[in-house]
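**Student:** Here it is, the structure in full.
The values are calculated or read from the model by the stated rules, or taken from the named source; none is laboratory data. Only a predicted model underlies this, so the values are computations on that prediction, with no experimental measurement involved. Positions of Cβ are generated from backbone atoms using ideal geometry, with glycine treated the same way; all protein chains shown enter the neighbour counts.
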Amino acid sequence: MSTFERIEDAVKDYLDEYAKGDPVFAEKLANPNKSIEQCMEYIQSEIFHEFIKNGGGRRVAVACPSRQQCFGLAVHYYDEEKVEIRPMPGVTSVSHATPDVPLTEEDKEKAREKAIQKLADEDARKIKDEEEKKRQKAKEKRKKDEEAGVLFLFDE
């Protein structure tokens with residue numbers, strides 16, 4: 001296998017080789033209700049959910065499985081009659097790397113600037129949200145104190 005081989009091609013090659021040694025699996029691989037595209041969606045979904053479960057957080061940019069994990073999920077997809085492709089909340093698109101098309105320095109710089117801007121916007125939003133929560137807590141505390149009859153000498 002080439003280092004720059006597409007993941008889908010590598011999975012397909014692995015499944016074909018595996019089926020040659022396992023006639024029962026070969027029948028399951030030939031299931032017309034299953035496809036390599038859906039298999040890839042299943043693998044991506046499982047990797048995504050495992051990443052989140054193991055503390056990957058909300059900023060999922062890249063979750064890269066090992067070959068063994070990827071191939072194991074592919075075999076599982078075809079082995080089981082029905083598998084659930086779980087939704088990936090917050091993910092608008094999933095793409096495969098295509099090393100055949102190298103990025104230009106300009107493309108890399110644009111992507112870097114876009115990522116930095118996105119992080120800055122996210123951080124600004126978080127700070128604004130935290131300040132709003134503090135204001136809301138102070139307002140609620142003041143209201144509670146007023147209801148309890150506490151007098152304020154200085155207005156905040």
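**Student:** Give the residue that is farthest from PRO89 (Cα to Cα), with candidates limited to residues of region 21-49 that are of a type in the set (A, V, I, L, M) and in contact (Cβ under 8 Å) with a residue 12 or more places away in the chain.
**Tutor:** Result: LEU29.
**Student:** Answer yes if at least one residue in region 90-101 is among the hydroxyl-bearing types (Ser, Thr, Tyr) and modelled with pLDDT of 80 or more, and no otherwise.
**Tutor:** No, every residue in region 90-101 fails to be among the hydroxyl-bearing types (Ser, Thr, Tyr) and modelled with pLDDT of 80 or more.
**Student:** Which numbered condition in (1) closer than 14 Å to PHE71 by Cβ; (2) exposed (fewer than 15 other Cβ atoms within 10 Å of the Cβ) is the only one that TYR18 fails?
**Tutor:** Looking at each condition in turn, TYR18 falls short on (2).
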